[in-house]
């Protein structure tokens, strides 16, 4: 059982991690979340299920360039033990989930769809899970990888 003095220290540490933001930021984010619901319903009933675009390749190449930059920055932050590791891993993991989603939903049926599903299941989502673990527990991740690579 812990000493009551230790609990106070833990509570102070947890409170110190809280990021103070102006109340309007919380209100704005909440309003945007509420406003997205009718927007999604509107899009659901008005967007065509098929659309041809001239810059499809540019969109995907641009996204993959951004994903490459995100991976490189996350690797650099991991190597350096930088305080930027957590936010960069969050960005990389989010981009990987988006990549998996859009690869699957924009693929044609058949082989192309199964390739997108396999890529998501075997590469993108496991890497996103690794990034999520880094975000969840960066100290343990850094300690485990540093110890492993020193052997």
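The values are calculated or read from the model by the stated rules, or taken from the named source; none is laboratory data. Since this is a predicted model, take the numbers as computed values, not measurements. Every residue, glycine as well, gets a Cβ built from its backbone with ideal geometry; the counts of neighbours run over all protein chains shown.
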| message | Every residue in segment 44-57 that is surrounded by fewer than 10 Cβ atoms within 10 Å (Cβ to Cβ) and not in a loop (DSSP other than H, G, I, E, B), please. | response | 44, 45, 46, 57
| query | If you scan segment 104-130, which residues turn out to be in contact with a helix residue (DSSP H, G or I) (Cβ under 7 Å, 6 or more places away or on another chain) and modelled with pLDDT under 95? | reply | 107
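Determine if segment 58-70 includes at least one residue that is within 30 Å of residue 115 (Cα to Cα), in contact with a helix residue (DSSP H, G or I) (Cβ under 6 Å, 6 or more places away or on another chain) and either assigned to a helix (DSSP H, G or I) or modelled with pLDDT under 95 (or both).
To start, the set of residues in segment 58-70 that are within 30 Å of residue 115 (Cα to Cα) comprises 58-70.
Going one step further and asking which of them are in contact with a helix residue (DSSP H, G or I) (Cβ under 6 Å, 6 or more places away or on another chain), we end up with 67, 70.
Checking which are either assigned to a helix (DSSP H, G or I) or modelled with pLDDT under 95 (or both) leaves us with 67, 70.
Looking for residues that are within 30 Å of residue 115 (Cα to Cα), in contact with a helix residue (DSSP H, G or I) (Cβ under 6 Å, 6 or more places away or on another chain) and either assigned to a helix (DSSP H, G or I) or modelled with pLDDT under 95 (or both), one finds at least one in segment 58-70, hence yes.
Within segment 82-98, which residues are surrounded by 12 or more Cβ atoms within 10 Å (Cβ to Cβ) and not in a helix (DSSP H, G or I)?
The first filter runs over segment 82-98 and keeps only residues surrounded by 12 or more Cβ atoms within 10 Å (Cβ to Cβ), leaving 82, 84-98.
If the condition is that a residue be surrounded by 12 or more Cβ atoms within 10 Å (Cβ to Cβ) and not in a helix (DSSP H, G or I), then 82, 84 are the ones that fit.
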| request: Could you tell me which numbered condition residue 142 fails, if it satisfies all but one of (1) out of contact with any helix residue (DSSP H, G or I) (no Cβ under 8 Å at 6 or more places or on another chain); (2) at pLDDT below 95; (3) farther than 28 Å from residue 51 by Cβ? | output: (1)
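Going through segment 71-81 one residue at a time, which ones are outside any loop (DSSP other than H, G, I, E, B) and either in contact with a helix residue (DSSP H, G or I) (Cβ under 7 Å, 6 or more places away or on another chain) or under 15 Å from residue 123 (Cβ atoms) (or both)?
First, pick out the residues of segment 71-81 that are outside any loop (DSSP other than H, G, I, E, B): 71-80.
Listed by number, the residues that qualify are 71, 73, 74, 77, 78.
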